[in-house]
Amino acid sequence: MFENLQDRLGSILNGLTGRGALSEADVSAALREVRRALLEADVALDVVRSFTDRVREKAVGAEILKSIKPGQMVVKIVHDELIEMLGGEGVGIDLHAAAPVVVMMVGLQGSGKTTTTAKIAHRLSTRDKKKVLMASLDTRRPAAQEQLRQLGAQASIDTLPIIAGQSPTDIAARAVQAAKLGGHDVVILDTAGRTHIDEPLMVEMADIKKRSNPHEILLVADSLTGQDAVNLARNFDDRVGITGLVLTRMDGDGRGGAALSMRAVTGKPIKLIGVGEKMSELEEFHPRRIADRILGMGDIVSLVERAAENIDAEKAAAMAAKMAKGKFDLDDLADQLRQMQKMGGMGGIMGMMPGMAGMKDKMAAAGLDDKLFGRQIAIIQSMTKAERANPDLLKHSRKKRIAAGSGTDAAAINKLLKMHRQMADMMKMMGGKGKGGMMKQMMGGLAGKMGLGGGLGGMPDLSNIDPRQLEALQKQAEAAGLGKPGGGMPGLGGLPGGLPGLGGAKLPGLGGGFPGLPGLPKKK
């Protein structure tokens, strides 16, 4: 979503940081470019104007510390103002009210209200262990109520039984009553939408609000809407009174203007963002982390959290035991590749690594993408159990069969085998130290550098970490030299330029880089 803005702001601010001294004219020229970049990203004009005015005011009168170059000071000011524009601190859904807490979902038709209702319910039931009831108040759209019922069945979440002919306000009252009788903690009301804002819709929303007395009213907005999203948010806030925003399709290729504008215009926090189609693909919105990503500073906290959610502790323990004996077969390699895919693939992981955002373009230019993981897994799956356990069995005739089965060729199979052989050698060298697999080690290295011990292979047990400690990770990462390009990644050699094999030294067995990715050429 923010890639275009990230590229533009990155090049503008890089031009500033390289200079020893800055004049007011330099700052003004850079801010003109920042203003243009934000406008191109569909950020509302008045938001852009106030943002650049605040940055100029602080940058021109800023006291420059002796240890910091003026350009770096400007980057810091832009970063701080970006966080401020996005809302300062992250705010979650407020459940501090008498049960059942009523959450009302509002928005236009097609913004993703019904799917988001199910995602929020799934999140509350799995993460917060709440008993949730969902109710569809959309009596106009064909099969809207049936859609929510099916999503509920899919995610094992209670839905209010459908009674034909009831009005939305009656359904709302019945849902609250049913939640009280059923001992539910939260009831989520999925209201009807329209293709545009009209008077009957607003009257209906106000009536539902009166009957159900919601504690939270969340406006669901499509982040691809652009500047029109600001008018939408204003209208709903004036007529119904929203308490927060949920932005859907943040994984799309929109320009990010809605996210940057809506918070600034309404003063209401963005609470959640939809980052994919799956039930689990809903994330809390953290302004600092988003600002870090936009300015290419990485997002260590989200990377650690994502690793904690996706790394299977039992599998890691089993792999640790095998590696302690120096064993690493092709099944283990496939597991490592799948783990990387779960964490968002190369692009997702590198986008969160400090100073590594620019590497994605280099990799794309070199023809390295996440499809490579899929091809390598397909090759491994085309082998027999015996071949996966003992790759030495693979002679010409077998390779021919595997190539036909996986839709690849002998050269791709040879590359995979070479990579596996070198990784297996590395695991033998590491012996007992190679616990938990590559991703586990990387995250363990990060955790160690940030002062978090415990867990397998140094990976902290995030289920026992105080949330405030997690929030402090980013600052610790920056202090440890991870918040700036060239800080290196602990657990992967901590080499200049970040990841080994991408311009720095190579990770044994991979020709550099991540699994199966040849090292990229060094900068000239």
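The values are calculated or read from the model by the stated rules, or taken from the named source; none is laboratory data. Just so we're clear, the structure is a prediction, and the values are computed from it rather than from any experiment. FYI the Cβ positions are ideal-geometry reconstructions off the backbone, even for glycines, and counts take in every protein chain you see. The accessibility values were calculated without ligands, DNA or RNA, using every heavy atom of the protein model including side chains. Shrake-Rupley method; radii C 1.70, N 1.55, O 1.52, S 1.80 Å.
Selection of segment 217-246 for residues being in contact with a Gly (Cβ under 8 Å, 6 or more places away or on another chain) and charged (D, E, K, R) yields only Asp222. Scanning segment 98-110 for residues that are under 16 Å from Arg249 (Cβ atoms) and open to solvent by 10 Å² or more (accessible area, probe 1.4 Å) yields a total of 3. Would you call Gly326 within 26 Å of Ala121 (Cβ to Cβ) and either at pLDDT 65 or above or not in a helix (DSSP H, G or I) (or both)? Here the answer is no, as Gly326 does not meet what is asked.
Scanning segment 171-200 for residues that are acidic (Asp, Glu) and at pLDDT 95 or above returns Asp185, Asp190. A residue that is of a type in the set (Gly, Ala, Ser), open to solvent by 50 Å² or more (accessible area, probe 1.4 Å) and within 30 Å of His184 (Cα to Cα) occurs nowhere in segment 54-62. For Ile171, are the conditions met, namely being in contact with a helix residue (DSSP H, G or I) (Cβ under 7 Å, 6 or more places away or on another chain), hydrophobic (A, V, I, L, M, F, W, C) and surrounded by 13 or more Cβ atoms within 10 Å (Cβ to Cβ)? So Ile171 does not fit the description; no.
Just so you know, in segment 120-153 the residues that are under 26 Å from the mean Cα position of the chain (by Cα) and among the hydroxyl-bearing types (Ser, Thr, Tyr) include one that is surrounded by the fewest Cβ atoms within 10 Å (Cβ to Cβ), and it is Thr126.
Please determine, by comparing only the residues of segment 403-418 that are open to solvent by less than 40 Å² (accessible area, probe 1.4 Å) and aliphatic (A, V, I, L, M), which one is farthest from the chain's Cα centre (by Cα). Here the answer is Ala403.
Taking the listed residues Lys362, Lys395, Lys400, the one that is surrounded by fewer than 18 Cβ atoms within 10 Å (Cβ to Cβ), at pLDDT below 75 and either out of contact with any strand residue (DSSP E or B) (no Cβ under 7 Å at 6 or more places or on another chain) or not β-branched (Val, Ile, Thr) (or both) is Lys362, with no other qualifying. For first residues located in segment 73-92 and hydroxyl-bearing (Ser, Thr, Tyr), partners that are open to solvent by 10 Å² or more (accessible area, probe 1.4 Å) and modelled with pLDDT of 85 or more and lie 6+ apart or on another chain with Cβ distances below 7 Å do not occur. Filtered by the rule that a residue be open to solvent by 40 Å² or more (accessible area, probe 1.4 Å) and farther than 18 Å from Arg293 by Cα, segment 268-278 gives Lys268, Glu277, Lys278. Asp185 meets all of the listed conditions (1) open to solvent by 60 Å² or more (accessible area, probe 1.4 Å); (2) under 19 Å from Asn213 (Cβ atoms); (3) among the acidic types (Asp, Glu) but one, namely (1).
Residue pairs whose Cβ atoms lie under 7 Å apart, separated by 6 or more positions or on different chains, with the first residue in segment 30-47 and within 21 Å of Gln72 (Cβ to Cβ) and the second hydroxyl-bearing (Ser, Thr, Tyr), are Leu31/Thr52; Val34/Thr52; Arg35/Thr52.
Considering segment 236-263, and only residues there that are surrounded by fewer than 20 Cβ atoms within 10 Å (Cβ to Cβ) and farther than 25 Å from Val187 by Cα, the residue that is modelled with the lowest pLDDT turns out to be Asp253. Val43 satisfies every condition listed in (1) at pLDDT 90 or above; (2) buried (at least 16 other Cβ atoms within 10 Å of the Cβ); (3) in a loop (DSSP other than H, G, I, E, B) except (1). Of all residues in segment 188-219, those being more than 32 Å from the chain's Cα centre (by Cα), surrounded by fewer than 21 Cβ atoms within 10 Å (Cβ to Cβ) and polar (S, T, N, Q) number 1.
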